[in-house]
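See below for the structure under consideration.
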Amino acid sequence: MAVDYGAQGLRVNALCPGPMLSPRIRGYLESGKFNGKAIERQVPLGCWAECQELANVAVFLISHAGSDVHGATIVSDGRLAIQYPANADSDRMSRNSPEWEEICGT
């Protein structure tokens, strides 16, 4: 897409969020449906991202300051992707893992 639309002056980027404290997730955490502390332990920075933090990245991308960013994938996930890379042989966060059970209670 970046190649196809760049010639038309359109910038194409991907923003990949990690665990976010959205209003819906806050509701789940408050109801006890998810173990928020277990999720925090999986994220190398040790915390949930606030929605405003992701919005700040998006604002940068559409601003003049980000005008040279094109065809990029920006991961904003508290370093979770480097903790569990897609090509890893580990199934640490599979639905059968102890971490999944701790987070979801299943």
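Observations, loosely collected:
- Hits in segment 16-36 (condition: part of a helix (DSSP H, G or I) and loosely packed, with under 12 Cβ neighbours inside 10 Å): P23, R24, G27, E30, S31
- Scanning segment 45-63 for residues that are over 14 Å from M20 (Cα atoms) and touching a Lys or Arg at 6+ places or on another chain (Cβ under 6 Å) gives no hits.
Every residue, every condition in (1) touching a Leu at 6+ places or on another chain (Cβ under 6 Å); (2) under 22 Å from V75 (Cα atoms), yes or no:
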| residue | (1), (2) |
| --- | --- |
| L10 | no, yes |
| A14 | no, yes |
| Y28 | no, no |
| K33 | no, no |
| G46 | no, yes |
| E50 | yes, yes |
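- Residues that are out of contact with any Phe, Trp or Tyr (no Cβ under 8 Å at 6 or more places or on another chain) and among the acidic types (D, E) do not occur anywhere in segment 39-47.
- Among residues of segment 1-15, those that are among the charged types (D, E, K, R) and surrounded by 13 or more Cβ atoms within 10 Å (Cβ to Cβ), counted: 1
- Identity of the residue in segment 64-86, out of contact with any Pro (no Cβ under 8 Å at 6 or more places or on another chain), at pLDDT 80 or above and within 16 Å of P17 (Cβ to Cβ), that ends up surrounded by the fewest Cβ atoms within 10 Å (Cβ to Cβ): T73
The values are calculated or read from the model by the stated rules, or taken from the named source; none is laboratory data. Remember, it's a predicted structure, so these values are computed and weren't measured experimentally. Please note: Cβ atoms are built from the backbone with ideal geometry, for glycine as well, and neighbour counts cover all protein chains shown.
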